[in-house]
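In what follows, a structure is listed as structure tokens, so that the remarks can point back to it.
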Amino acid sequence: MSGFGKIVIAVDKFKGSMTAVQASEAVRDGIMEGCREAGNASPEIILRPMADGGEGSMGVMERALRESGRSYRKEFIPTVNHIGSQILAPVLLYDAEDGTRCAFVEMASVCGLNMIPRDRRNLLRSTTYGLGIVLRECIGSHEVREILMAIGGSGTNDGGFGLLSALGWSFSNSSPFRNRDIPTFISGIETASDRSVDDICPHLRQTRITVATDVTSPLLGPLGATAVYGPQKGCRKQDIPVFENALENWVRVIGVPDFPGAGAAGGTGYALKAALGAELAAGWQVFASMLHLEEEIASADLVITGEGRFDKSSLTGKLPAGIATLCRRYGKPLWIVTGTCRIPADQLAAIGISRVIELSSSAAPGEDTYSDAPAIIRHAVASALQD
């Protein structure tokens, strides 16, 4: 323990089990427990619960605003989720240092995959229309001119068609979808032929939009939104070509070629950047900057990160890969706490992870890796510090 004078804990949520804050606190408690058992003084422990743009990003954003001393308020905006049910979507409103009114929007709280039970998911009828309503209300009713959006964890694959429709975009096609309250993917973009923009969202063009995402996938193809993420959202195998053909037409209508990150949130990343000029940014970098994580890591003796499942997707834009980059930059040892690890040992070493604490192998007989996750983490971290 004498070698660890300062430990930085930068952990993501464990989906279905713990928030980022709960997971971080469990790691901290494990460190404290290990110190007590060894009769050692506790090191300096820095908690930096993290997100990379998916579910739980709003909680991390709130913590960042509080720690910065910036005042904010949470507003609930009436809208619809991705299958058309009425909901109240939370947004955070705050002012930038120059006085610009800002809003933080989490897509997972508007049309998130986990909002809808698996047996009610219908990707062909899912829409980002409700997300567009939220943006319209932020800009129009709350005079927001800078929006930070976290778009991970979505349950949609409409290329952002619904979102643009809610903001005033119209598309000519053979279906009378313009008269529907909630235009959906299948009734819109597969036959769209041109577009125009109605001025129903004043100041949209004067609003800066930054998108925090954990996905670098393109919109189309075998590595695109539909092929990779569609099945977990309820897309049947036979429907994949339907989406691909429609999204190919969508690119022709918008007129901007496919690009890395366009496939984020079922193509919402494409609409935001291609149609609205939004800036796409790695989610982990957005939150790391807000929480001054790099400075903390630079002076740390050990860094601990983690998430519920650590697999090959974790190495492409998600938090653990980002933290590993910072640790390599400053030559810091990195541990990861995870429910399950699917990365071979040689790859772990290559990215600089020196230790994996896996809940599935650390649980005692009778312990459940979901409901008992905090206790398992505490005990596993305490034991690891004794080695």
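Worth pointing out:
- Contact map, the range 307-333: first residue more than 21 Å from Gly56 (Cα to Cα) and free of Cβ contacts under 8 Å to residues at least 60 places away in the same chain, second residue assigned to a helix (DSSP H, G or I) and open to solvent by 50 Å² or more (accessible area, probe 1.4 Å), Cβ cut-off under 7 Å, separation 6 or more or different chains; pairs are Leu326/Glu294.
- Residues of the range 326-372 that turn out to be among the polar types (S, T, N, Q) and buried (at least 17 other Cβ atoms within 10 Å of the Cβ), as a count: 3
- Residue in the range 264-284 that is closer than 25 Å to His203 by Cα, among the hydroxyl-bearing types (Ser, Thr, Tyr) and either open to solvent by 10 Å² or more (accessible area, probe 1.4 Å) or out of contact with any Asp or Glu (no Cβ under 6 Å at 6 or more places or on another chain) (or both) present: yes
- Of all residues in the range 48-68 being surrounded by fewer than 18 Cβ atoms within 10 Å (Cβ to Cβ) and within 17 Å of Val11 (Cβ to Cβ), the one that is nearest to the chain's Cα centre (by Cα): Gly59
- Among the residues of the range 93-112, those identified as touching a residue at least 40 places away in the same chain (Cβ under 8 Å) and under 21 Å from Asp52 (Cα atoms) are Leu93, Cys102, Ala103, Phe104, Val105, Glu106, Met107, Ala108, Ser109, Cys111, Gly112.
- Scope the range 123-174; condition within 25 Å of Arg252 (Cα to Cα), polar (S, T, N, Q) and either modelled with pLDDT of 90 or more or not in a helix (DSSP H, G or I) (or both); matching residues: Ser126, Thr127, Thr128, Ser154, Thr156, Asn157, Ser170, Ser172, Asn173, Ser174
- Pairs where the first residue, in the range 29-54, is touching a residue at least 12 places away in the same chain (Cβ under 8 Å) and hydrophobic (A, V, I, L, M, F, W, C) and the second is open to solvent by 60 Å² or more (accessible area, probe 1.4 Å) and outside any loop (DSSP other than H, G, I, E, B), C-beta under 8 Å, 6+ apart: Ile45/Arg28; Ile45/Met32; Leu47/Glu25; Leu47/Arg28
- Residue, surrounded by the fewest Cβ atoms within 10 Å (Cβ to Cβ), within the range 290-316, restricted to residues that are out of contact with any Ser or Thr (no Cβ under 8 Å at 6 or more places or on another chain), modelled with pLDDT under 95 and closer than 20 Å to Lys6 by Cβ: His292
- For the range 69-100, a residue qualifies if it is open to solvent by less than 30 Å² (accessible area, probe 1.4 Å), closer than 23 Å to Ala20 by Cβ and either in contact with a Leu (Cβ under 9 Å, 6 or more places away or on another chain) or modelled with pLDDT under 95 (or both), and the qualifying residues are Ala89, Leu92, Tyr94.
- Counting only helices (runs of 4 or more DSSP H) wholly contained in the range 295-387, the ones carrying 3 or more residues that are hydroxyl-bearing (Ser, Thr, Tyr) occupy 359-362.
- Taken together, the residues in the range 215-250 that are crowded, with 19+ Cβ neighbours inside 10 Å, at negative phi and in a loop (DSSP other than H, G, I, E, B) amount to 8.
- The numbered conditions (1) in contact with a helix residue (DSSP H, G or I) (Cβ under 7 Å, 6 or more places away or on another chain); (2) in a loop (DSSP other than H, G, I, E, B) are all true for Gly16 except (1).
The values are calculated or read from the model by the stated rules, or taken from the named source; none is laboratory data. Treat the numbers as computed from the prediction; the structure is a model and nothing was measured. Don't worry about glycine lacking a Cβ; one is built from the backbone with ideal geometry, like all the others, and counts go over all protein chains shown. To get the accessible areas, we keep the full protein, side chains included, count just its heavy atoms, and leave off ligands, DNA and RNA. Shrake-Rupley method; radii C 1.70, N 1.55, O 1.52, S 1.80 Å.
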